[in-house]
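The block underneath contains the structure these notes are about, expressed in structure tokens.
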Amino acid sequence: MSKCSYCGKEYEPPRGLTFVLNDGSLKYLCSSKCRKNMKMKRRKVRWISKKE
């Protein structure tokens, strides 16, 4: 399973996005919602509940 670089959610390999930055590093994202929020440089993720 891959883990989202933005929200930390684990998702199955055929789903999600792989975002390649200019320096060659990879960001794995579970949805377009995470991709859009990452591009807008939002830090707080309200729709994910923390598991403690």
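The values are calculated or read from the model by the stated rules, or taken from the named source; none is laboratory data. Given the structure is predicted, the values throughout are model-derived calculations rather than measurements.
Can you tell me which residue is nearest to Phe19 (Cα to Cα) among those in the range 32-47 that are aliphatic (A, V, I, L, M) and at pLDDT 65 or above?
Per the criteria, the residue is Met38.
From the list Gly24, Gly8, which one is at pLDDT 85 or above and more than 13 Å from the chain's Cα centre (by Cα)? I'd like the intermediate steps shown before the answer.
Details: Gly8 fails: more than 13 Å from the chain's Cα centre (by Cα).
Step by step, each of Gly24, Gly8 is checked, and only Gly24 is at pLDDT 85 or above and more than 13 Å from the chain's Cα centre (by Cα).
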